[in-house]
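Notes to accompany the following structure.
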Amino acid sequence: MIGAGPCGLAVGVAAKRFGLTCSLFDKGPVVASLMRYPLYMTFFSTPDKLEIGGMPFVTAADKPTRREALTYYRKVAEYFELDVRQYHEVQGVQRRRDGFELTARHPGTPEPETVQARHVVHATGYFESPNPVGVPGEDLPHVSHFFTEPHPYWQQRVVVIGGGNSAVEAALDLYRVGARVTLVHFLGEFDRGVKPWILPDVTNRVKDGSIAVRWCSRVIEIRRSEVVIRSEVGDRLETLSTDFVLALTGYRADLRLLRLSGVDVDETTGVPQHDPTTMETNVRGVYIAGVLASGLDANKIFIENGRAHGARICEHIKAKPPKVALGG
């Protein structure tokens, strides 16, 4: 199992119930992707939609917080006694006669570890790979693709690139701590997927001038204290003074390991070739779980529907046991 996020844990729990041996490798801690969420974030889903293995998710309010989710998924791993290999980065997957050979490295060991497996499940998510804006200056030190808390930006000028949930929530948090916020979005309105209880708030902040917005505009260059944008209405250039830039333009899956495994990926949609009823790819014995199955459209699969992949995968594996024994 490559990836120990919520959908990876769901595979691990399903494997236990189907009597399969499963080890989960992750280059970071368990559910590392949730650590990237803003500190005070509240989930869109209710707790029951995020539960794994029937283990109750008890929360103080009707929607879970980031902190509650981190605690819950740690408890899931403990309760089901999952073999989670934290800080073990899988660097290679090789096909062998009797299965697969994975190479994983832990920063505390001098040599990589070699692991034999009959089946490999990829559930690496997408939150570690931001969508690049693709403009000069994006690699400057005051530019970030992640937002965790607003405090460092108190009384600072901040340009937020994007118009989805991440950008909108960041803009509101920044405004509330006293930052001077300008949103830059290539559309003429916020994305349709913005949480319904947040949209009225940000709309009112824009109307009263608390948050500035440049609609139908794209960033074309980032400088140390400026951002150059181009309006698609009249092709007009504008330079915005800024102290920080948050490029919250979404994320994409890292498909490198999948391709190393021989899995075909649609170049247009980014969807790995797979059977959605079993989650097995075009390579026999290689499966995908979670948001990887949605390709470039990360808004199709979330924890609440991706958690079902584990049972499909393990049922398929159990129904077709390997014909040869593993060596080593």
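Using only DSSP helix segments of four residues or longer, with each worth -39500 (n - 2.57), what per-residue ellipticity at 222 nm results for the chain after dividing by its residue count and rounding to 500? If you can, show how the numbers build up before the last one.
Details: 8 runs with 71 residues, N = 328.
Rounded to the nearest 500, the figure is -6000 deg cm²/dmol.
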Checklist outcome for this item: Per the rule of 0.36 nm per residue minus the C-alpha distance, extending Leu260 to Ser241 adds in nm 2.5 nm
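Which pairs in the list Lys49/Lys195; Lys63/Lys195; Lys27/Lys318; Lys27/Lys300 are over 21 Å apart, alpha-carbon to alpha-carbon?
Details: Lys49/Lys195 16 Å; Lys63/Lys195 13 Å; Lys27/Lys318 28 Å; Lys27/Lys300 25 Å.
In this structure, Lys27/Lys318; Lys27/Lys300 lie more than 21 Å apart at Cα.
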Item to check | Leading residue at positive end of dipole, segment 1-134 (Cβ point charges), from Thr109, Phe80, His119 | outcome: His119
Checklist outcome for this item: Residues Trp154, Trp215 in order from fewest to most other beta-carbon atoms within 10 Å are Trp154, Trp215
Item to check | Residue among Glu149, Glu238, Glu304 with the largest mean-square fluctuation in a Gaussian network model of the chain, springs linking Cα atoms under 10 Å | outcome: Glu238
Item to check | Exposure proxy ranking, count of Cβ atoms within 10 Å, fewest first, for Tyr40, Tyr251 | outcome: Tyr40, Tyr251
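For Trp154 and Val177 in one chain, what is 0.36 nm times their gap in residues minus the Cα-Cα distance, to one decimal in nm?
Numbers: separation 23, 0.36 × 23 = 8.28 nm, distance 0.57 nm.
Additional length available on full extension: 7.7 nm.
With a 10 Å Cβ neighbour count serving as the proxy for reagent exposure, in which order, fewest first, do Cys7, Cys314, Cys216, Cys22 appear? The partial results should precede the final answer.
Details: Cys7 31, Cys314 26, Cys216 15, Cys22 22.
The fewest-first ordering by Cβ neighbours comes to Cys216, Cys22, Cys314, Cys7.
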Next on the checklist: Can you return the lysines within cross-link range of Lys320? Criterion is Cα-Cα under 24 Å, with same-chain partners fewer than 8 residues away left out.
Outcome noted: Lys16
Checklist outcome for this item: So the FRET efficiency between Cys216 and Val135, C-beta based with R0 = 22 Å and rounded to 0.05, is 0.85
Checklist outcome for this item: The distance between the Cα centres of segment 163-233 and segment 244-312, in whole Å, is 29 Å
Checklist outcome for this item: Farthest towards the positive end of the dipole of the chain, among Asn165, Thr281, Pro130 and with Cβ unit charges of +1 on Lys and Arg and -1 on Asp and Glu, lies the Cα of Thr281
Checklist entry - Residues of segment 14-57 with amide nitrogen under 11 Å from the 7 Å Cα-to-Cβ point of Lys318? => result 14-20
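FYI, it's all coordinate maths here, none of it is from the lab. What you see is a predicted model; the values in this text were computed from it and never measured. Because the Cβ atoms are built from the backbone with ideal geometry, glycine has one as well, and the counts that use them run over all protein chains shown.
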